[in-house]
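Novice: The structure under discussion is supplied below as structure tokens; questions concerning it will follow.
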Amino acid sequence: MSGDAGSAAKAASRAADAAGVAAAAAAEGAGRFGSGRAVRRVEDPALVRGEGRFTDDVTLPRQAWLVFARSDRAHARITAIDTAAAKATPGVVAVFTGADLAAAGVKPLQLPAGFRRPDGQPASAPPKQPLAHEVVRYVGEPVAAVVAESRSAARAAVTAIVVEYEELPVVATLVAALASGAPEVWPGAPGNVVAEARYGDAKAAAAAFDKAAVRVAVTIDNQRLAPSPMEPRSVLAHVEGERLTVRLSSQMPSGVRDSLAAALPGRTVDNVRVLVGDVGGGFGMKTGAYPEDIVVAWAALSTGRPVKWQADRLEEFTSANHGRDAVSRAELALDAAGRVLALRVRTWANVGASPGAVALVIPLMIGPWVITSVYDVPLVDLHLSAVLTHRMAIGAYRGAGRPESIYLIERLMDAAAREMKLDPAELRRRNLVRAAQMPYTNALKQVYDSGQFERMLDQGLALADWAGFTARREASKARGRLRGRGVATFLEWTGGNVLEEDVRVDVTGDGFIELSSATMAMGQGIATSYVQLAHDIFGVPPERIRVLQGDTDRVNGFGSAGSRSLFTGGGAVHVASVRCVEEATKLAGQALEAPPADIEYRAGRFVVAGTDLGIGLFELAARQPGERIVVSGTAKAGGPSWPNACHVCEVEVDPATGAVEVAAYASVNDIGRIVSPAIVRGQVDGGAVQGIGQALCERMVYDEQTGQLLSASFMDYALPRVDGFRGFKTTFDESVPCLTNVLGAKGVGELGTIGATPAVVNAVVDALASAGLGRAAERVQMPLTAEVVWRALQGQFPASVLPVRA
């Protein structure tokens, strides 16, 4: 047996053992609230009553407010900053500039090692300064900060700051950045390419293309997006004795703590505490530390007072991480039977001016891992470049690299089917990885532990009534509408690249079970799932189980990103709960003067087998030192999970206006074992809405000459609305558990987003092709607004989006 197969077999055994334990516990006492049950979310009552506790809900004695002065230039040298008038403004406590912070030893956020430039030298990018020092490189970059007694006083003082600039050349687009002789964003990135990656065998792929019967190509612009969580960023910092406490809205408290300790002089992870309360959405935008977090923390340390900053929506548009923004030329080679021979992709990712770690990881590592998707693609040739421009940096946004890659391969599949005059579902079927090939190693050396992709395709086509489409197209035609259909069969990688998480279980003498985790709730319902998993083991009423998150003094870990919270954090809940019952059984044996082997546990009570002698779990905890039983557990997955799905979309297009309506949307999803059915459906459907947003309406727009952000409000940036689609048919297939984690679960949070974009765009392209455009319809670029679609129907397509060097 190979190493991969052996690991998979061991993981399968662990998953089977875990499933057996969970099933036995559920049979004993899980009742109506155990895993697999559709229950009401435990988070919701407090939130709907307005009792949530977000960062901005917290006010501390003597609290001051901080407001930033931000650059209105995309690229300029700071020649002078006059803060005298600001300091003289009534109510002002302090004013800080980048020079002040640099002199105090406050460090920038660091670019990670490991990436290289095209010339083989280590990647180098502009430092992500807490406040711009000497040079500004994007509109919205923080230049100075005012701390005042009130927010209004701080705002007034900011307007009194005078910054003198020397204008520098701006490169705001990929085309401009990669043009011959273009101004450089950073001297350490010649030609503005900060890093690049190559995968596959270019020579073998070229040979496959030479002998191919069919070759198709598409040019794709995965446009820049604004993540747009409901709650903007918020930070409140204060000093308690020798310790710094920072409360903020974040998905990764431990990572923020580590970054603060690294940036602030005199700070270590031991004297920095990060607290996170309720989080009003994250979508990846709230992973890791921001420059503003460091400035607020430094202001609290410097003034000795609590300091709060609350971002407004304009600041979120200009200075919170954006998503996507990559241009690709993708080619597929196939034989005469429609079997894929090779995939070739050239991508330029616009990572902005001061990219952090994630900005490079997404296009150069995570995205490539899934680019062959559910298809058996023998050869790849990938050439990927991360390019600096004078824009805000790219970061994680729901899917983070996987949507871009899946969109490429799914657009190629439809293009090949159109070229070969095949049903697009049939072409996909011919190329699917078969169940018998599992565990399967793709061309990027990623191992899929499980999956039955053809089964998912069959179920998706049946749910969508694929065979009945012709009749629906004719009915739409009778109403003066064009109808198109699109399908996406795909997978994604989940795990956040860290496959381990810890959970601490406290059983308290006053009648509660507390689950402490470093993963974070941010609207996705993870606390409900954790309560259900703990209920499986403990069998106590769910109201007796509390989930505690967001305190680095209590527990630390990777956090919530990459759809990992359930299969890592949930796995740790399961492991720690089982261990807690085991340890408590030993304590019960001592209390009842019976061997542990004779002790039975049922729904919150230990009894000596065959007798009525027993003791309650909480009574037992009350007898322990500190009146509690404390047990920690660690779950470590043997590899990532590979959720997969088949999504089918039908659209109607009004040829007179170009308006697109999602007329039908069906999806069948394999996410392994399901703990909370209602929650996973919400995750898939909500994710699909965000994918539809990219397909049809969302786009960040910068002025190509000045680098000014033109879509900096919801008046100019369009989010999807409920009247744009007619609802979803969503089902799940639990027959294929994940073999790499103790729960058998696969990530779900990003699956809907990844599948929706290609399914919707393929449907629109199909509608346009049916109107006589044929393969020319493939030239449309997202977002497919009414204007874009109408122009396509008139034969008007955008100019090439490829950089000059293509």
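Novice: Can you give me the % of accessible surface on the chain that is carbon or sulfur? Probe 1.4 Å, all protein chains present, nothing else counted. Before the final figure, lay out each step's value.
Specialist: Numbers: 15220 of 29190 Å².
After summing per-atom areas, the C and S share lands at 52 percent.
Novice: Please report the antiparallel percentage of DSSP beta bridges with both residues in the range 491-575, rounded to the nearest 5. Each step should come with its number before you reach the end.
Specialist: On the way: 5 of 10 bridges.
Antiparallel bridges: around 50 percent, rounded to the nearest 5.
Novice: Just the number, please: Stokes-Einstein D of the range 635-674 in µm²/s, Kirkwood Rh from C-alpha pairs, 20 °C, 1.002 mPa s.
Specialist: Details: Rh = 13.3 Å.
The diffusion coefficient I find is 161 µm²/s.
Novice: Express the Stokes-Einstein translational diffusion coefficient of the range 206-292 in µm² s⁻¹, to the nearest whole number, given a Kirkwood radius over alpha-carbon pairs, 10 °C and a viscosity of 1.306 mPa s.
Specialist: Details: Rh = 16.1 Å.
Result for D is 99 µm²/s.
Novice: When the Kirkwood hydrodynamic radius is evaluated over all pairs of different C-alpha atoms of the range 131-207, what value in angstrom, to one decimal, is obtained?
Specialist: Values: mean 1/r = 0.0601 Å⁻¹.
Final number for the Kirkwood radius of the range 131-207 is 16.6 Å.
Novice: Follow-up. List every residue whose amide H lies under 5 Å from the amide H of L168, counting only residues 5 or more places away in sequence or on a different chain, with H placed 1.01 Å from N in the peptide plane.
Specialist: Here H75, A76, R77 satisfy the definition.
Novice: Once you have a ≥ b ≥ c as the square roots of the Cα gyration tensor eigenvalues for the range 528-568, tell me rounded if a/c is under 1.5, and otherwise prolate or oblate according to whether a/b is larger than b/c. Show your work: numbers first, answer last.
Specialist: Working: a/c = 2.87, a/b = 1.54, b/c = 1.87.
Oblate shape, in that a/c is at least 1.5 and b/c is the bigger or equal ratio.
Novice: Tell me which of C580, A597, G614 sits at the most positive position along the dipole axis of the range 580-623, charges placed on C-beta atoms (Lys, Arg +1; Asp, Glu -1).
Specialist: Sorting the options by dipole projection puts first C580.
Novice: Test of understanding: what is the full-extension gain from E704 to E426, defined as 0.36 nm times their sequence separation minus their Cα-Cα distance?
Specialist: Contour length minus the Cα-Cα distance gives 95.9 nm.
Novice: Shifting gears a bit: Summing +1 for each Lys or Arg and -1 for each Asp or Glu, what net charge is found among the other residues whose Cβ lies under 14 Å from the Cβ of G304?
Specialist: Values: positive: R62, R243, R305; negative: E240, E242.
Here the charged neighbours net out to +1.
Novice: R198 to R623: extension gain in nm, 0.36 nm per residue of separation minus the Cα-Cα distance? Spell out each step's value before the answer.
Specialist: On the way: separation 425, 0.36 × 425 = 153.00 nm, distance 6.12 nm.
Between R198 and R623, full extension yields an extra 146.9 nm.
Novice: Restricting things to alpha carbons, find the Rg to Rh ratio for the range 524-674 using the Kirkwood radius for Rh.
Specialist: Values: Rg = 22.8 Å, Rh = 19.0 Å.
Ratio value, two decimals: 1.20.
Novice: For the peptides 391-403, 43-55, 288-300, what is the packing order when you average, over each peptide's residues, the other Cβ atoms within 10 Å and list the highest mean first?
Specialist: On the way: 391-403: 27.8, 43-55: 13.0, 288-300: 25.8.
Going by the mean number of other Cβ atoms within 10 Å, highest first, we get 391-403, 288-300, 43-55.
Novice: In terms of modelled amide H atoms, which long-range or inter-chain residues lie less than 5 Å from the amide H of Y702?
Specialist: L710
Novice: Hey, another quick one. Around R273, under 10 Å between beta carbons, what's the net of Lys plus Arg minus Asp minus Glu among the other residues?
Specialist: 0
Novice: Sticking with this one: Hey, got the Cα dimensions of the range 659-774 along the principal axes, in Å, largest first?
Specialist: 53, 38, 25
Novice: While we're here: Tell me which residues come under 5 Å, amide H to amide H, from A663 once H is placed; ignore anything under 5 positions away on its chain.
Specialist: E650, V651, E652
Novice: If you don't mind, another one. A 20 angstrom limit on the alpha carbon distance is what I want to check against. Which of K203/K445; K87/K286; K421/K477; K87/K308; K636/K746; K586/K636 exceed it?
Specialist: Numbers: K203/K445 18 Å; K87/K286 32 Å; K421/K477 22 Å; K87/K308 18 Å; K636/K746 14 Å; K586/K636 25 Å.
Flagged as over cut-off: K87/K286; K421/K477; K586/K636.
Novice: Using a 7 Å offset from the Cα along the Cα-to-Cβ direction at both F714 and D654, what is the distance between the two label points in nm, to one decimal?
Specialist: About 2.4 nm, to one decimal.
Novice: Divide the volume of the convex hull of the Cα atoms of the range 168-327 by its number of residues and quote the answer in cubic angstrom per residue. The partial results should precede the final answer.
Specialist: Values: hull volume 31.1 nm³, N = 160.
Spelled out: Cα convex hull of the range 168-327, divided by residues, is 194 Å³.
Novice: A follow-up question, please. Enter the mean projected area of the convex hull around the alpha-carbon atoms of the range 101-167, in nm², rounded to one decimal. Walk me through the numbers on the way to the answer.
Specialist: On the way: hull surface 27.9 nm².
About 7.0 nm², averaged over all directions.
Novice: For the pair A603 and D335, what calculated FRET efficiency results from E = 1/(1 + (r/R0)^6), where r is the Cβ-Cβ distance and R0 = 41 Å, to the nearest 0.05? Before the final figure, lay out the partial values.
Specialist: Working: r = 61 Å, r/R0 = 1.48.
So, using R0 = 41 Å, E works out to roughly 0.10.
Novice: Right, here's the next one. With N denoting the number of residues in the chain, provide Rg(C-alpha) divided by 2.2 N^0.38 Å, to two decimal places.
Specialist: On the way: Rg = 27.5 Å, N = 806, 2.2 N^0.38 = 28.0 Å.
For the chain, the normalised Cα radius of gyration comes out at 0.98.
Novice: About its Cα centre, how strong a charge dipole does the range 709-806 have in debye, to the nearest 20, once Lys and Arg get +1 and Asp and Glu get -1 at the Cβ?
Specialist: Working: 8 positive and 8 negative charges, 46 e Å.
That gives a dipole near 220 debye.
Novice: Share of antiparallel DSSP beta bridges in the chain, in percent to the nearest 5?
Specialist: Numbers: 107 of 133 bridges.
Antiparallel bridges make up about 80 percent of those DSSP assigns within the chain.
Novice: Given bins 10 angstrom wide, list per bin the percent of all Cα-Cα distances in the range 24-151, short to long.
Specialist: Once binned at 10 Å, the Cα pair distances of the range 24-151 give 10, 23, 22, 15, 15, 12, 3, 0.
Novice: Semi-axes of the range 263-378's equivalent ellipsoid from the Cα gyration tensor, sqrt of 5 times each eigenvalue, largest first, rounded to whole Å?
Specialist: Values: eigenvalues 373, 44, 35 Å².
Output for the range 263-378: semi-axes of 43, 15, 13 Å.
Novice: Now for a separate question. What ³J(HN,Hα) values, in whole Hz, does the Karplus curve 6.51 cos²θ - 1.76 cosθ + 1.60 give for the range 423-436 when θ = phi - 60°, with x put for Gly and Pro?
Specialist: Each residue's phi maps through the Karplus curve to give 4, x, 5, 5, 4, 4, 4, 5, 10, 5, 5, 7, 4, 5 Hz.
Novice: Towards the positive end of the charge dipole of the range 341-476, with charges on Cβ (+1 Lys, Arg; -1 Asp, Glu), say which of L444, G352, I371 has the farthest Cα.
Specialist: Of the listed residues, the answer is G352.
Novice: Oh, and also: What whole-number value in Å² describes the accessible area per residue of the chain for a 1.4 Å probe? Walk me through the numbers before you get to the answer.
Specialist: Details: 29190 Å² over 806 residues.
Per-residue accessible area for the chain comes out at 36 Å².
Novice: Quick check on the chain: helices-only [θ] at 222 nm, where DSSP H runs of length 4 and up contribute -39,500 (n - 2.57) each and the sum goes over total residues. Nearest 500, please.
Specialist: Working: 21 runs with 232 residues, N = 806.
Helix-only estimate at 222 nm: -8500 deg cm²/dmol.
Novice: Quick check for me: using +1 on Lys/Arg Cβ and -1 on Asp/Glu Cβ, what's the dipole size of the chain about its Cα centre, in debye to the nearest 20? Write out the running numbers ahead of the final one.
Specialist: Working: 82 positive and 86 negative charges, 234 e Å.
Once rounded to the nearest 20, the dipole reads 1120 debye.
Novice: Tell me which of A799, V276, G672 sits at the most positive position along the dipole axis of the chain, charges placed on C-beta atoms (Lys, Arg +1; Asp, Glu -1).
Specialist: Looking along the dipole axis, the top candidate is A799.
Novice: So, one more: What nm value, rounded to one decimal, do you get for the distance between L613 and T441 when each label is placed 7 Å out toward the C-beta?
Specialist: Between L613 and T441, the label points sit 5.8 nm apart.
Novice: Between A475 and V722, what is the spin-label point distance in nm, taking each point 7 Å from the Cα along the Cα→C-beta axis?
Specialist: Inter-label distance under the simple model: 2.4 nm.
Novice: Starting from the Cα of R49, step 7 Å toward the Cβ, then list every residue of the range 511-543 with an amide N under 16 Å from that point.
Specialist: From the range 511-543, the list is 543.
Novice: Per residue, how big is the convex hull around the C-alpha atoms of the range 362-479? Give it to me in cubic angstrom, could you?
Specialist: Details: hull volume 20.7 nm³, N = 118.
Cα convex hull per residue, to the nearest whole number: 175 Å³.
Novice: Find out how many positive minus negative residues lie around G120, taking Lys and Arg as positive, Asp and Glu as negative, among other residues whose Cβ is under 12 Å from that of G120. Walk me through the numbers before you get to the answer.
Specialist: On the way: positive: R116, R117, R198; negative: D119, E196.
Charge balance in the 12 Å sphere: +1.
Novice: Can you compute 3J(HN,Hα) from phi for each residue in the range 160-174, using the Karplus curve 6.51 cos²θ - 1.76 cosθ + 1.60 with θ = phi - 60°, rounded to whole Hz and x for Gly and Pro?
Specialist: So the J values, rounded to whole Hz, are 8, 6, 10, 10, 9, 10, 10, 4, 10, x, 10, 10, 9, 10, 4.
Novice: How large is the charge dipole for the range 83-211, taken about the Cα centre, if only the Cβ atoms of Lys, Arg (+1) and Asp, Glu (-1) carry charge, to the nearest 20 debye? Show your work: numbers first, answer last.
Specialist: Values: 11 positive and 12 negative charges, 85 e Å.
So the magnitude is around 400 debye.
Novice: By per-residue mean of other Cβ atoms within 10 Å, what is the highest-first order of 662-675, 690-703?
Specialist: Descending packing order for the listed peptides: 662-675, 690-703.
Novice: Give the shape of the range 649-712 as rounded, prolate or oblate, defined through the alpha-carbon gyration tensor: a ≥ b ≥ c are the square roots of its eigenvalues, a/c under 1.5 means rounded, and otherwise the shape is prolate if a/b is larger than b/c and oblate if not. The partial results should precede the final answer.
Specialist: Working: a/c = 4.16, a/b = 1.57, b/c = 2.65.
Oblate is the answer for the range 649-712, as a/c is 1.5 or above yet b/c matches or exceeds a/b.
Novice: If R0 is 30 Å, what FRET efficiency do you get for R40 and S735 from their C-beta distance, rounded to 0.05? Write down the numbers at each step before the final one.
Specialist: Values: r = 27 Å, r/R0 = 0.90.
Given R0 = 30 Å and the Cβ-Cβ separation, E is 0.65.
Novice: If you don't mind, another one. Using θ = phi - 60° and the Karplus relation 6.51 cos²θ - 1.76 cosθ + 1.60, list the HN-Hα couplings for the range 59-76 in order, rounded to whole Hz, with x at every Gly or Pro.
Specialist: Rounded to whole hertz, the list is 10, 10, x, 6, 5, 9, 10, 10, 10, 9, 8, 10, 5, 9, 10, 7, 7, 6.
The values are calculated or read from the model by the stated rules, or taken from the named source; none is laboratory data. No experiment lies behind these values; they were computed from the predicted model shown. Note that we place each Cβ from the backbone using ideal geometry, even for glycine, and neighbour counts take in every protein chain shown. For the accessible areas, the whole protein counts, side chains as well, though only heavy atoms, and no ligand, DNA or RNA atoms are used. Shrake-Rupley method; radii C 1.70, N 1.55, O 1.52, S 1.80 Å.
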